[in-house]
Each structure stands twice: as C-alpha cells, then as structure tokens.
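Asker: Pasting a structure here, questions to come.
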Amino acid sequence: MSTILVGISPGIQKIREIIDLVSLDTALNVVITGETGVGKEVVARALYESSPRHKKEFVKVNCAAIPDTLLESELFGVEQGAYTGANRKRKGKFELADGGVLFLDEIGDMSFHLQAKLLHVLQSGEYNRLGSENNMKSNTWVISATNHNLKQKIEEKEFREDLYYRLNMVRINIPPLRERPEDIPELIRHYTQIYQDKYTERKITPLDPETFNKLCHFSWPGNVRQLISVLQRILLIGCDEETLDEILYDKNNQNKNATDTATPIYGQLMEELQEIVNSSPDNMTTFSLKQIKRNATNIVEKEVISQVLDITNWNRTHASKILKVSYKTLLTKIDQLDIIRSN
Amino acid sequence: MTSKANILIIDDNTVFLDMIAMYLTDKQYHVLPAKNGIEGLKLFNSHSDIIDLVITDIIMPNISGTALISIIKKKRPALPVIAISGFGEHPITLAEELKADLTMGKPLVLRELESQIALLLPPPSVSTV
C-alpha cells in the first residue's frame with residue numbers, strides 16, 4: 001500500500017471515507033472528477049490499493065492521448081490478421097487488466113463510437129478482440145476520470161446518457177487546491193520527505209519559512225501537479241526569491257496555455273516525460289537521449305500517419321505521396337507503429 | 001404484540017426524505033433516515049441485521065442509489081429494496097438490472113408507496129408477552 005492521500009481538508013477526508021466504503025465492492029464503477037493536476041490518478045490508485053484487486057494489474061489508458069483510430073485496438077486488442085499488417089495477436093487493456101483495474105483517464109474525450117463499445121462491455125461483461133468473433137469475459141474494475149462536465153457533454157450530445165449513469169455509480173470529486181489551502185503545508189512536507197528519501201546523496205534541506213509561507217499562500221491554478229513541480233525545482237536545483245516569483249508567474253501562464261492547447265500528442269509526450277521525471281536516478285540510467293528521441297518520433301509519426309491515412313480513406317499510395325515516403329516505407333511504418341484502421 | 005418494521009430511507013432531497021419519513025412513522029413503521037449515499041451506506045453497515053426494507057433515491061452525489069443497491073443485494077440478497085428516481089428511464093433500468101425489487105418514478109404517491117411496502121415486507125413477527 002504505497003499511495004497516500006495527503007491532506008487534512010474536509011474534501012480529502014470525505015474522499016478517504018468514500019474509498020473506505022466502496023473499495024471492497026469492485027463491481028461499482030467509479031468516476032473521479034476534478035481540474036487538471038488535482039491528483040485523479042492518485043485517488044484511482046488509492047482505490048485500487050485498498051481493493052482486493054491490488055495484487056493484479058493497474059492499467060491506465062489516457063483516452064485523450066490516443067487517437068480514436070487506435071484507442072479501440074488499445075482497449076480490446078487485435079486478432080492476428082484483423083487488418084493488413086496485423087501479423088500478430090495483441091492483447092488489449094481490458095485483457096491486461098483482467099482481475100485488476102482499468103483506469104480510463106480523460107473519459108470525456110472518448111468518441112461516441114467507442115462510448116457505445118464501452119457501454120456494451122459494462123452491460124454484458126463481454127468484449128471481442130478486433131477481428132475476432134470470440135466473446136471474451138471482462139473481469140475488470142473500471143475507474144474513469146475526467147476534467148470535463150459530463151452533464152454538459154450529455155446536453156451537447158457528446159456523451160451518452162446511459163453510459164454516464166452506468167459509470168457514475170460512485171463519484172469522487174477532488175476539489176482544486178485553491179479551495180483547500182489547509183492541505184498545502186502537509187503536501188509540501190510530504191513531497192520534501194519523498195525527495196529527501198529519493199536523493200539521499202544530495203542533502204536536501206526543507207524550505208526556509210519565507211518560501212514555505214509563499215507557497216502556502218499561492219493559488220496554484222495547476223493544482224498539486226504544479227506545486228510538486230515547483231517544489232522539485234526549489235529543492236533539487238534551488239532558486240532565489242526573484243526566480244521563484246518568475247517560476248510561479250510563468251507556471252501560471254504555462255499551465256493555462258497547456259490546458260487550453262493540449263493535444264493528444266502533447267499529452268502522450270508529457271506522459272513519457274513524466275515517466276522519466278518520476279524515475280529514481282538508478283532507473284534513469286536506462287533512459288538514453290537517443291531512446292527518448294526515438295519514442296517521441298514514434299508518437300508523432302504514428303499520429304501524423306494515422307491522420308493522413310484517415311484523410312485518404314486508407315489509400316496507401318495516395319498517403320505515401322502526401323507523406324513523401326515510398327509505398328514500402330509506409331507499409332513498414334504502419335506495421336511497426338501498430339497503426340490500425342478504425343471501423 | 002407485533003414488532004415495528006425497520007425501514008432505511010436514503011434521499012439527498014431532505015424535503016422528500018422528511019416527507020416519506022413522517023408519513024411512514026405515522027403508519028407505525030420505524031424509520032432510519034439518511035440524507036445521502038454515504039450516510040445511508042454507513043447506517044446499512046451498522047444496522048444490517050435489523051433492517052427490513054430499504055427505500056433509496058437513485059441519483060445522489062458520491063455514492064448513488066445504484067451503488068447502494070449493488071452493495072445491499074450482495075450482502076442481503078433477500079432484503080427488499082425500492083428505488084426511486086425522477087431522472088427518466090436510464091437510472092430506473094440500471095436499478096432494475098441490479099435487482100431492485102421495485103422502481104418508482106418521482107413524484108411519488110405516498111399511499112401507493114405504503115401499499116407496495118406492505119406487499120414487499122415479510123409478514124410481521126408476532127411475539128407474546
């Protein structure tokens with residue numbers, strides 16, 4: 001049990017209470033709501049770790065980061081020969097999360113087409129791999145998260161009402177940090193301790209009272225994620241008062257921009273980056289700049305090729321001309337990057 | 001003498017909750033009122049053995065009526081549950097799927113609710129003094 005919900009505010013206490021009440025019954029679908037950066041995944045992991053499913057996998061899918069054309073195969077898997085280039089069977093996330101938890105982040109961004117497929121799985125407990133007629137049994141606890149107002153999306157005909165009620169058996173709303181400033185001191189102490197434990201060779205000292213006070217009185221538009229990022233910067237790199245003001249001011253703007261202009265590719269690249277940042281120094285040695293560059297290129301190439309294929313209605317000759325690559329290179333890329341045609 | 005049946009009522013609309021609670025108390029039932037799903041689940045967990053019937057609203061924040069029905073029916077499959085909603089067909093369909101014994105739309109006719117409770121409750125136990 002490693003996930004800790006940090007905070008003393010009534011909002012966080014209520015979340016702990018809900019987790020205690022519902023985590024033993026993993027038949028209840030859960031939706032976690034809250035602004036970007038409040039810690040929706042932390043709550044999902046806390047639910048998972050309190051549940052009888054904690055010995056199995058916690059599988060995360062970011063529905064906004066993966067193009068709709070790929071999300072279906074990501075979720076349900078692919079049978080060998082399902083489409084040109086599908087030369088091997090691939091398990092989907094439902095299968096990988098069997099007996100565990102499937103965390104569907106940014107569920108509000110899922111297409112109407114996939115919402116219908118998800119509803120079917122939740123209703124029947126069955127799904128099919130892409131290109132297969134065989135029904136597979138789903139034994140997965142579905143926990144979803146969104147920063148969208150799903151009720152509004154229903155009114156705008158962008159989210160299915162029947163799926164909404166089915167997912168909303170339990171709803172956990174995480175208040176933004178500005179509404180629970182009493183949690184900030186504990187968050188600072190908690191993450192300072194984490195960095196002290198993680199970087200033992202660096203002698204990380206706690207914040208001086210003035211900086212501590214400044215962070216406690218900031219509004220944190222990017223919520224806990226922004227607080228951690230700033231704290232990391234101060235503790236690991238260090239900064240004077242002037243630089244801290246610049247960081248807070250810039251972060252303020254950056255966060256706003258990131259939320260406004262977030263694209264699926266941006267989200268996926270940020271996830272890759274976050275993974276690296278969250279790694280311990282020992283594990284970081286396994287990352288090379290070359291590998292990072294290759295991963296980033298793959299993500300961008302996959303997105304661009306998928307979009308061009310969609311535009312050309314999967315006319316690969318036409319697509320290869322637009323992309324200015326040979327027909328053979330395009331086919332290789334489609335295979336290597338697991339690009340799948342949506343139905 | 002006959003013992004009073006214990007009814008757990010859960011509704012986040014306190015006006016509605018008070019109205020049903022008063023009506024059923026007047027009809028000689030013992031009522032356990034809860035003003036949201038969290039309170040309702042806690043009351044159920046602490047009084048599980050003595051509750052004879054549950055009436056729950058379906059659409060509530062945090063822990064919904066459908067979550068309550070699922071938990072209650074797993075713990076006590078034979079305990080009668082009446083699910084109430086004023087939000088159209090989807091919540092009602094889901095409650096039925098989760099084996100609610102009866103679903104009713106809002107606004108409620110209290111006399112009809114009372115007659116349905118009488119049908120769902122087991123015959124009163126008779127004890128001699």
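Asker: Assess whether A:Leu71 counts as being out of contact with any His (no Cβ under 8 Å at 6 or more places or on another chain), within 14 Å of chain B (Cβ to nearest Cβ) and either part of a loop (DSSP other than H, G, I, E, B) or free of Cβ contacts under 8 Å to residues at least 60 places away in the same chain (or both). Outline the logic, then answer.
Answerer: Values: out of contact with any His (no Cβ under 8 Å at 6 or more places or on another chain): yes; within 14 Å of chain B (Cβ to nearest Cβ): no; either part of a loop (DSSP other than H, G, I, E, B) or free of Cβ contacts under 8 Å to residues at least 60 places away in the same chain (or both): yes.
Criteria not met by A:Leu71.
Per-residue answers, yes or no, for (1) in contact (Cβ under 8 Å) with a residue 24 or more places away in the chain; (2) among the polar types (S, T, N, Q); (3) not assigned by TED's automatic domain parsing to the domain that holds A:Asn223:
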| position | (1), (2), (3) |
| --- | --- |
| A:Glu156 | no, no, yes |
| A:Glu161 | no, no, yes |
| A:Asn168 | yes, yes, yes |
| A:Glu182 | yes, no, no |
| A:His190 | yes, no, no |
| A:Lys203 | no, no, no |
| A:Pro209 | no, no, no |
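Asker: Output the helices (runs of 4 or more DSSP H) that fall wholly within the range A:136-225 and possess 1 or more residues being more than 14 Å from chain B (Cβ to nearest Cβ), or say none. I'd like the intermediate steps shown before the answer.
Answerer: Details: elements: A:150-155, A:161-167, A:184-198, A:209-216.
By residue number, A:150-155, A:184-198, A:209-216.
Asker: While we're here: Within 23 Å of B:His30 (Cα to Cα), surrounded by fewer than 24 Cβ atoms within 10 Å (Cβ to Cβ), of a type outside the set (Phe, Trp, Tyr) and at pLDDT 95 or above: is that true of B:Ile55 in this structure? Please lay out each step first, then the result.
Answerer: Working: within 23 Å of B:His30 (Cα to Cα): yes; surrounded by fewer than 24 Cβ atoms within 10 Å (Cβ to Cβ): no; of a type outside the set (Phe, Trp, Tyr): yes; at pLDDT 95 or above: yes.
It is false that B:Ile55 is within 23 Å of B:His30 (Cα to Cα), surrounded by fewer than 24 Cβ atoms within 10 Å (Cβ to Cβ), of a type outside the set (Phe, Trp, Tyr) and at pLDDT 95 or above.
Asker: Here are some residues: B:Ile63, B:Ile69, B:Ile20, B:Ile82. Which one is closer than 30 Å to A:Asp162 by Cβ, buried (at least 20 other Cβ atoms within 10 Å of the Cβ) and more than 13 Å from the chain's Cα centre (by Cα)? Steps first, answer last, please.
Answerer: Values: B:Ile69 fails: more than 13 Å from the chain's Cα centre (by Cα); B:Ile20 fails: more than 13 Å from the chain's Cα centre (by Cα); B:Ile82 fails: more than 13 Å from the chain's Cα centre (by Cα).
On inspection, the qualifying residue turns out to be B:Ile63.
Asker: Taking A:Glu17 and the conditions (1) part of a helix (DSSP H, G or I); (2) acidic (Asp, Glu); (3) at pLDDT below 95, which numbered condition does it fall short on, given that it satisfies the others?
Answerer: (3)
Asker: If you check A:Ile107, A:Ile15, A:Ile32, which single one turns out to be away from chain B (no Cβ under 14 Å), surrounded by 21 or more Cβ atoms within 10 Å (Cβ to Cβ) and touching a strand residue (DSSP E or B) at 6+ places or on another chain (Cβ under 6 Å)? Before you say what the answer is, go through the steps one by one.
Answerer: On the way: A:Ile15 fails: away from chain B (no Cβ under 14 Å); A:Ile32 fails: away from chain B (no Cβ under 14 Å).
Only one candidate passes the filter, namely A:Ile107.
Asker: Now, a different point. Give the residue, chosen from A:Val59, A:Val78, that is closer than 21 Å to A:Ile107 by Cα and in the same structural domain as A:Gly131 (by TED's automatic domain parsing). Full working, then the answer.
Answerer: Working: A:Val78 fails: closer than 21 Å to A:Ile107 by Cα.
None of the others qualify; the one that does is A:Val59.
Asker: Also, I was wondering about something else. Does A:Lys40 count as surrounded by fewer than 22 Cβ atoms within 10 Å (Cβ to Cβ) and either of a type outside the set (S, T, N, Q) or closer than 21 Å to B:Pro61 by Cα (or both)? Spell out the reasoning first.
Answerer: On the way: surrounded by fewer than 22 Cβ atoms within 10 Å (Cβ to Cβ): no; either of a type outside the set (S, T, N, Q) or closer than 21 Å to B:Pro61 by Cα (or both): yes.
Against the criterion (surrounded by fewer than 22 Cβ atoms within 10 Å (Cβ to Cβ) and either of a type outside the set (S, T, N, Q) or closer than 21 Å to B:Pro61 by Cα (or both)), A:Lys40 does not qualify.
The values are calculated or read from the model by the stated rules, or taken from the named source; none is laboratory data. The shown structure was predicted, so the numbers you read here are calculated from the model rather than taken from an experiment. All Cβ positions, even for glycine, are placed from backbone atoms using ideal geometry, and neighbour counts span all protein chains on display.
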